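Values in this text are rule-based calculations from the coordinates and carry no lab data. Because the structure is a prediction, the values reported are computed rather than measured. So basically every Cβ, Gly included, is an ideal-geometry build from the backbone, and we count neighbours across all protein chains shown.
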Amino acid sequence: MEAISISPIALFMQAGVVGKIVMIALGVASLWCWAIIIEVAVLTNRLRKAIDESQHGRPSPLLAPVMAEAARAARVMVPGESVGERRSRIVETTGRAARKLLVATEAGLPNLAVVSSVAPFVGLFGTVWGIMTSFVGIADTQDTSLAVVAPGIAEALAATAFGLAAAIPAAIGFNRLGGALAHAGEALSDNVEEHAITLVGGVEGEPPRKMAEAA
């Protein structure tokens, strides 16, 4: 009986056409997931550092568009608007800019969710196909020995392993990065509210400007 290696490359070379297509698809999905994980992790770390710098009074280029929206909203004076209403308006305007920043940071997370849920089923398809290959081999040779069924079973289990190798990092990355971004979003929201309070107190002495003039 020909020895069957359990290395990923050997299992790929020993698989049939369908098994190779499944393994290639899952391998590409796994590499894509790792690229997304690294990208989102780097962006999340940059965002957390930017929020920390802003909280300590150091301006951050990453948050510059958000703070610019806050300043623009603070310069607009609405007749009859109370301090609380003005603060709420600034927070709402700044919050929209902050949400755009968060959406750009977490853009890859939905793809991780898709891979984590779909990859096991793609691997299962390869598993079923490998088992079918084994049954066909039994039918052709009228032999149930291990030498006949081993290649198909090895292909089936390899497809399962490739599916799990793609799905597990994607699921872990989605949950861990999603939690980190949730904490960053809360910190950014608190920072927006604190900045709005500062702006309301800091621009009261400026001459009022009508909304039509601001436009």
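A few points about this structure:
- Considering only Ile90, Ala184, Ser134, the residue lying farthest towards the positive end of the dipole of region 8-214 is Ile90, judged by Cα position with unit charges set on Cβ.
- Counting every pair of alpha carbons in the chain, the share spaced more than 33 Å apart comes to 45 percent.
- Cα-centred dipole magnitude for region 1-142, charges only on beta-carbon of K, R (+1) and D, E (-1), debye, nearest 20: 820
- Estimated from helices alone, the mean residue ellipticity of the chain at 222 nm is -29000 deg cm²/dmol (sum of -39500 (n - 2.57) over DSSP H runs with n ≥ 4, per residue).
- Given their separation in residues at 0.36 nm each and the Cα-Cα distance between them, Thr141 and Val103 gain 7.9 nm when the chain is fully extended.
- Region 105-145 residues near the modelled Trp32 label - backbone nitrogen below 15 Å, point 7 Å along Cα→Cβ: 108-123
- Divide the volume of the convex hull around the Cα atoms of region 1-98 by the residue count and you get 160 Å³ per residue.
- Positive-end extreme of charge dipole, the chain - chosen from Met67, Val22, Thr105 (charges on Cβ): Met67
- Net charge, Leu181 excluded, C-beta distance under 11 Å - Lys, Arg +1, Asp, Glu -1: 0
- Kirkwood hydrodynamic radius (C-alpha pairs) into Stokes-Einstein, region 92-171, 25 °C and 0.890 mPa s, D in µm²/s: 162
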